[in-house]
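First the structure, in the form of structure tokens, and then the observations on it.
Bear in mind that the values in this text are calculations on the coordinates, not laboratory data. The structure presented is a predicted model; accordingly, all values stated were derived computationally and were not measured. Counting neighbours? That spans all protein chains shown, and the Cβs are built from the backbone with ideal geometry, glycine included.
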Amino acid sequence: MEKHRIFIVEDDRKIAQLLADTLRKYQYDVAMVEDFDQVTNECLAFDPHLILLDINLPSYDGYYWCRQLRTHTTCPIIFISARSGDMDQVFALENGGDDFITKPFHYEIVLAKIRSHLRRSFGEYALTQSERTIKLGALNLYVERMELHIQDEIVPLQKKECVILELLLEASPKIVSREVLLEELWDDQSFVDENTLNVNMTRVRKKLADYNIKSTIETVRGAGYRFIPAPEEL
């Protein structure tokens, strides 16, 4: 059976080594970043099932690297940081993270979070191992690739953009409530500001407009959002 691979992006070598040693005891295959200017390249070469990512890093912070990684992978990304403010956790989730652990941490918590995310993504809780595609008229959303295809155009998506479009395309022409969107986008809604969903929805609308997609996302006041396909894209 293939070992799950975990990639550690942590500039404190002592913490990184302790994490790696602990994870290897539990039969995980572990790699640590060597060049902090090549985080994406080293990560993709290792092809991890899960990434542990610090915020305070040389050159670029963890938010930056999370955004870069999200253009290539949908694997779980867990932030591990000494920053403990609510907004730090919001930024981590906003930039593509799946979870947040505050330092100092108990290794049992780290292991439990890792197991939970791996089960959800690759284990018994995973919905499917085959590629998931949602089609609506001329639009084809490739969920695992995080790509929206229309004719010969390929629209790259960030993780949360992909989740939003997945929910809206699948439900169209029905309304998707704000509560459903929040629940799917963030595991812990207590850290989510009221305007956070609005910001993400604006980004999706801009992405559609940037690629000259005529279909629109309608705001239904007091209810949620609805995807309206353009007649020429049906």
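For a straight C-alpha distance cut-off of 19 angstrom, the aspartates and glutamates reachable from residue 214 (same-chain residues fewer than eight places away being disregarded) are 147, 152, 153, 161, 166, 170, 232, 233. Taking the chain as a Gaussian network of alpha-carbon nodes connected by springs under 10 Å, the highest mean-square fluctuation of the residues 151, 17, 68 belongs to 151. Counting only residues at least eight positions apart within a chain, or on another chain, the aspartates and glutamates with an alpha carbon under 12 Å from that of residue 174 are 218. The Rg/Rh ratio of region 48-170, with both radii computed over alpha carbons and Rh defined as the Kirkwood radius, is 1.01. Quick note on region 45-106: its Rg to Rh ratio, both from C-alpha atoms and Rh being the Kirkwood radius, is 0.94.
Every Cα-Cα pair in the chain was counted, and those over 25 Å apart are 44% of them. Note on the chain: with charges restricted to the Cβ of Lys and Arg (+1) and Asp and Glu (-1), its dipole about the Cα centre is near 400 debye. Partners of residue 3 within straight-line reach, counting lysines whose Cα lies under 29 Å from its Cα and excluding those fewer than 8 residues away in the same chain: 14, 25, 103, 113, 159, 160.
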